[in-house]
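Reviewing the structure listed below.
Read the figures in this text as sums done on the coordinates, not as results from a lab. Bear in mind the structure is a predicted one, so any value in this text is a computation, not a measurement. Because the Cβ atoms are built from the backbone with ideal geometry, glycine has one as well, and the counts that use them run over all protein chains shown.
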Amino acid sequence: MSLQTQITDDLKTSMKARDRARTSALRMVLAAMKNKATAEGRGPQGELSDEEVQGLLATEVKKRREAADAYRSAGRAEQAASEEAEAEVYAQYLPEQMADEELEAIVDATIAEVGATSPREMGQVMQAVMGAVGKQAEGSRVSALVKAKLTG
């Protein structure tokens, strides 16, 4: 079963269970999938690959977490909680995130392999690390670790 089909089935289940928050979040992500398929010329009923769906979900999770931070800093805790809840719904469909120790080992090995010694070479290291970890680590997490390693 494709990820898009699984999300559609989960939407039906959440509607039957009258889970408004989950239903709303799943409807939004399905709308984003339809928009992406239409924009790419596949039509609104076009099927996205699992990798495309995961990329879309990762983007949506990032947007929701950034919005939650903005709401929290503005003193709007209720809206921040709502955004965090949506992010958690989307994150359930993403691959398991890599452990910090494992990510650090990959970053160390990549820095040694590239021969990077300064923050100016961060781009090369980031490209190699992101290729190695794929969707198992968020770019911001990798970036912070690489920056910390290269700045000493």
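Observations on the model:
- Entry note, the chain: relative contact order of 18 percent, from Cα contacts under 8 Å with a spacing of 6+ residues.
- Near the amide H of Leu94, within less than 5 Å, lie no amide hydrogens of residues on another chain or at least 5 residues away, with H placed in the peptide plane.
- The distance from the alpha carbon centre of segment 16-83 to that of segment 91-150 is 25 Å, rounded to a whole number.
- Length-normalised contact order for segment 100-151 - Cα pairs under 8 Å, 6+ apart - percent: 44 percent
- Gain in span if fully extended, Met28 to Lys12, counting 0.36 nm per residue against the direct Cα distance: 4.4 nm
- In terms of distances greater than 30 angstrom between alpha carbons, the cross-link table entries Lys36/Lys149; Lys12/Lys63; Lys36/Lys135; Lys36/Lys147 yield Lys36/Lys149; Lys36/Lys147.
- Lys, Arg +1 and Asp, Glu -1 on Cβ, resulting dipole of segment 3-91 about Cα centre, debye, nearest 20: 380 debye
- Residues Asn35 and Ala85, FRET efficiency given R0 of 35 Å [Cβ-Cβ distance, rounded to 0.05]: 0.95
- Fully extending the segment from Ala132 to Arg42, taken as 0.36 nm per residue of separation minus the present Cα-Cα distance, adds 29.4 nm.
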